[in-house]
Structures are given as C-alpha cells and as structure tokens.
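See structure below.
Laboratory data are not the source of any read-out in this text; all were calculated from the coordinates shown. Here the structure is a predicted model, which means the values were calculated and not measured. In this analysis, Cβ positions are derived from the backbone assuming ideal geometry, glycine residues included, and neighbour counts consider all displayed protein chains.
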C-alpha cells in the first residue's frame with residue numbers, strides 16, 4: 001500500500017466520521033446499553049455481515065457479538081472487545097426545594113458544574129418505558145457570591161455530596177413538581193454533548209469517547225474483514241460488552257460463554273504527554289496523533305503482541321507501547337477474570353480529558369488501530385496451526401542472547 005493510500009495517514013472520510021458520531025451519541029449508561037448495541041451496532045452489523053455470520057445476544061446484559069463462524073469451536077477463536085457502557089450520574093434523592101441530588105460515579109465533581117445533561121426516567125405507570133428529560137444543568141455552589149473565600153481561591157474543592165441537578169424548578173410545591181414528572185431515585189443522567197470536529201486537524205472532542213470509540217473501531221475492523229472476504233482459519237468474534245465501567249463484568253461473561261483462544265480489548269488510553277500535573281510521575285510518553293497503543297506487561301501476551309507489532313511495522317502503521325503493570329484497566333482482562341485460557345492484550349487510542357465532557361481524540365490514531373487490527377487478524381489467519389503456535393512459543397528468557405554496549409551514535413533511519 002502506498003503512503004498516499006494509507007487511510008491512517010489521511011483525514012477520516014465524512015461518512016466514517018458520521019458513523020463514529022452516531023455510535024458515540026447513543027445514550028448507553030451502565031446497565032442501559034441497548035441504545036448503542038441494539039439501536040446502532042446490531043443493524044450496522046447486519047448491513048454488511050456476509051451470509052453465515054451471526055450476531056449473538058445475551059439474557060443478562062445488552063452485549064452483542066458478531067461471529068464469523070458460529071458454532072465452529074474447532075477453529076482458533078479470536079475475540080475483539082469494545083464496551084458500550086458509559087459512566088453516568090444517578091438520581092439519589094429529591095429535595096423539598098426541587099433540587100435533584102445525584103451520585104457522580106466516576107466523574108470528578110469539579111468537571112460536572114454547569115453542564116447540560118439528559119435524565120432518563122422509567123415511567124412509574126408503565127414499567128419498561130423510558131422518558132427523556134432535557135434542559136437541566138449540574139450544579140453545586142450556585143453563584144460565586146455564596147461561596148466561602150477558600151472555594152473562590154481554589155483552596156477548597158467540591159464534595160461529591162454537593163452535586164445536584166437543577167431543573168429550574170420554582171413556585172409552589174417544588175418537590176412535588178419533580179415527583180409529578182415521575183423522576184425517582186436510580187434514574188440515569190448523562191452529558192448532553194455530541195462529538196464535534198476539533199480546531200486542530202484530524203481532532204474531535206465531546207463526551208463519552210470512552211468507550212464508544214472502541215466499539216466503533218471494533219465494528220470497522222469487522223467491516224473491513226467482511227469486505228476482504230472473511231477469514232479461513234480464525235473464527236473472529238467482534239464483541240460489544242457492557243458493565244466495563246463498574247468492573248469488566250460484561251466482557252467476562254462474553255469470554256466465559258464463548259471461550260476465545262485469544263482476546264484483544266479495544267479501549268481509549270491516556271495522552272500522558274498532554275496530561276497536566278503528572279511530570280514527576282514519569283509516565284511513558286503516549287501522545288495523541290502518534291498512533292494506536294498496545295499494552296505491554298500484566299497479562300498481555302507477548303505472542304499476541306508480536307503479531308500486532310509485526311503487522312503494524314509491515315504496513316508502516318504507527319504504534320506506541322503502553323506499560324500497564326498489573327492490570328490493563330480494560331476488557332483485555334476478560335479472559336483472566338472469566339478463568340478462560342486465552343492469550344490476551346489491549347490496544348487503544350490516546351485521548352485527553354478522559355471522563356469529562358470534553359474528551360479529545362485524533363482520527364488518525366483511531367484509523368491506525370482499525371487497520372492495525374485488521375492486518376493482525378489477516379496475519380493470524382495465515383499462520384499454520386495457531387493452537388500449537390500459542391501453546392509452544394511462549395518467550396524463553398533463558399534463551400536470551402548477550403547484549404554488549406552499542407556506542408553513542410544514533411542509528412540511521414530509513415528516511416536518511
């Protein structure tokens with residue numbers, strides 16, 4: 001493939017960006033993920049899936065899996081997993097003054113203030129039917145005039161217990177006005193912020209890149225594999241999981257049910273170079289715009305990583321190594337958590353401002369991940385006897401060769 005044809009070196013086409021925006025826009029807070037899985041992704045899968053491919057559905061969660069060779073347990077099984085669930089706020093109680101006190105889950109309280117949200121409320125009279133309430137904002141302190149000096153200076157922060165939803169309720173019987181809407185404790189609240197193209201080239205921003213972005217990438221890999229004629233020796237399962245934000249519970253069910261031989265979590269990562277205030281932590285210099293990331297360490301399989309890294313290098317796709325320690329922090333852990341013997345790793349895309357209303361990403365990183373995974377799957381499909389290859393070729397450090405000092409001159413690059 002020529003440099004000019006490499007999609008990861010080009011702006012994302014408008015139609016592809018529109019699909020990404022539709023997936024990210026689906027209201028899918030934890031436990032209510034079907035808007036994304038059944039409303040957007042399942043119909044999308046069915047539009048391009050070749051005859052014989054099958055979508056698996058589940059009773060206990062809204063996860064789905066697009067399977068290239070359903071029932072073929074004799075084949076080597078590879079699972080890619082994005083997760084559809086979004087972190088959300090939740091109604092805790094309703095005050096006499098009409099304030100709706102809310103739990104903030106995995107948000108920093110300070111990033112919530114003043115932002116518009118949507119509240120999804122189950123109809124008390126018609127269980128199973130939901131209504132959407134718009135026009136409210138998340139608040140905590142009101143006007144600066146009512147804050148004490150330490151809050152004005154920033155010396156004193158905001159506690160999560162101070163966060164409430166303001167529906168501009170006024171007049172008589174304020175609590176009753178809210179209760180008449182059928183709003184109840186437990187109702188879910190999410191940001192009302194679709195993604196938009198950013199100011200800088202190839203960037204975009206908005207809420208919930210975590211992890212509609214991984215679902216979009218997984219779906220696009222499935223489409224590219226389908227358009228290339230599918231696979232012959234690898235059974236690929238393109239999974240969209242639930243419950244990741246509360247402990248990877250959905251993905252471990254999918255892995256436990258379908259028992260993959262290899263598994264790749266697909267999720268957002270951090271741009272550590274741009275992250276404020278972490279210089280003394282000396283994190284690895286992952287950076288937005290410099291390619292997709294691949295987990296190294298933890299449960300990450302060096303054999304699976306080798307295939308991904310070789311595919312990326314062979315096709316000049318930019319790849320950054322991510323050091324993950326004891327836990328990938330993603331659905332890449334699903335096999336281990338489900339007690340399934342599978343080689344596993346995690347890939348991602350560096351974003352900024354994770355778990356805020358202004359998460360920011362780069363389309364070229366996303367495209368690099370999509371095409372890197374596609375080439376890796378195709379490379380796996382060409383390998384003979386994959387079961388034995390993964391059983392017999394674990395790295396042997398006792399076979400490591402001695403390494404001498406290599407001098408101080410920088411090696412010449414291919415461009416020189």
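Worth pointing out:
- Computed extension length for residue 5-residue 130: 40.4 nm, one decimal, from 0.36 nm per residue of separation with the Cα-Cα distance subtracted.
- Using C-alpha pairs below 8 Å separated by at least 6 residues, the relative contact order for the chain is 20 percent.
- For the range 212-264 versus the range 135-170, the gap between their alpha-carbon centres in whole angstrom: 41 Å
- Beta bridges by DSSP in the chain, antiparallel share as percent, to the nearest 5: 60 percent
- Rounded FRET efficiency, nearest 0.05, which uses the C-beta distance separating residue 282 from residue 327 and R0 of 25 Å: 0.80
- Comparing mean-square fluctuations of 380, 165, 133 from a GNM of the chain with C-alpha springs under 10 Å, the top value falls on 133.
- Spacing of the two label points (7 Å from each Cα toward its C-beta) at residue 73 and residue 274, in nm: 4.6 nm
- Entry note, the chain: the mean residue ellipticity at 222 nm calculated from DSSP H runs of n ≥ 4, each adding -39500 (n - 2.57), is -7500 deg cm²/dmol after division by the residues and rounding to the nearest 500.
- Length released on extending from residue 139 to residue 233, taking residue separation times 0.36 nm less the Cα-Cα span: 28.4 nm
- The range 374-392 and the range 1-64 have Cα centres separated by 25 Å.
- Residue among 246, 308, 189 with the largest mean-square fluctuation in a Gaussian network model of the chain, springs linking Cα atoms under 10 Å: 246
- Taking the C-alpha atoms only, the angle from helix 14-25 to the longest principal axis of the chain is near 50 degrees.
- Among 128, 95, 186, the largest mean-square fluctuation in a Gaussian network model of the chain (Cα springs under 10 Å) belongs to 128.
- Exposure proxy order (Cβ contacts within 10 Å, fewest to most) of 97, 172: 172, 97
- At an R0 of 25 angstrom, the distance between the Cβ atoms of residue 14 and residue 316 translates into a FRET efficiency of 0.50.
- Spin-label model, residue 168/residue 106: points 7 Å from Cα along the beta carbon direction are separated by 3.3 nm.
- Nearest-ten-degree value, helix 249-258 long axis tilted from longest Cα axis of the chain: 40 degrees
- Residues in the range 112-153 that a label on residue 97 would reach, taking backbone N under 11 Å of a point 7 Å out along Cα→Cβ: 140-143
- FRET efficiency, residue 388 to residue 155 (Cβ-Cβ, R0 45 Å, nearest 0.05): 0.10
- Each Cα pair under 8 Å and six or more residues apart adds its sequence gap; the mean of these over the residue count of the range 89-191 is a relative contact order of 44 percent.
- The angle between the Cα long axis of helix 363-382 and the longest principal axis of the Cα atoms of the chain comes to about 40 degrees, rounded to the nearest 10.
- Residue order, fewest to most surrounding Cβ atoms within 10 angstrom, among 345, 137: 137, 345
- Taking other Cβ atoms within 10 Å as a rough exposure proxy, 408, 342, 132 sort from fewest to most as 408, 132, 342.
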